[in-house]
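Here is the structure we will look at, set down as structure tokens.
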Amino acid sequence: MVIGEFGGYYGTGPTGQMDVTWQNAFVQYLQGKGLRNSFYWCYTPNSGGTGGILDDNLNVRQDKMALLRTLWGTPAPACRQ
């Protein structure tokens, strides 16, 4: 099973800390069920209602990435040939 998508401002938007609490609890729930696959909405910052993994300056939101790494794990380093 793959979770279609989830996401949110993660503390920076109108829902503030409630969104951080919800996303953290959702990730813990998925981990508890052994579900590691999902899609996170969204990548770009201009998503109305969630913000993105990128902030308005197109920098990666490290707080969101830390959350996703707890669910998805750390990606393997690229192989060199």
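No value in this document is a laboratory result; all are computed from the given coordinates. Computed from a prediction, not measured in an experiment: that's the story for all the values here. As a convention, Cβ positions derive from the backbone with ideal geometry for all residues, glycine included, and neighbour counts pool all protein chains shown.
Extension gain for TRP72-GLN17 works out to 17.5 nm (0.36 nm per residue, less the C-alpha to C-alpha distance). Farthest towards the positive end of the charge dipole of the chain, among the residues GLN17, TYR40, MET1, is the Cα of MET1, using unit charges on the Cβ of Lys, Arg, Asp and Glu. Each of the trypsin sites (Lys or Arg not before Pro) that DSSP puts in a loop and that has at most 16 other Cβ atoms within 10 Å breaks the chain; the longest unbroken stretch is 37-79.
State the Kirkwood hydrodynamic radius of the chain in Å, one decimal place, computed from all pairs of distinct Cα atoms. For the chain, inverting the mean 1/r across all distinct Cα pairs yields 13.4 Å.
The charge dipole of the chain, taken about the Cα centre with unit charges on the Cβ atoms of Lys, Arg (+1) and Asp, Glu (-1), comes to about 380 debye, rounded to the nearest 20. Once every DSSP H run of n ≥ 4 in the chain is given -39500 (n - 2.57) and the sum is divided by its residues, what mean residue ellipticity at 222 nm do you get, rounded to the nearest 500 deg cm²/dmol? Dividing the helical sum by the residues of the chain leaves -10500 deg cm²/dmol.
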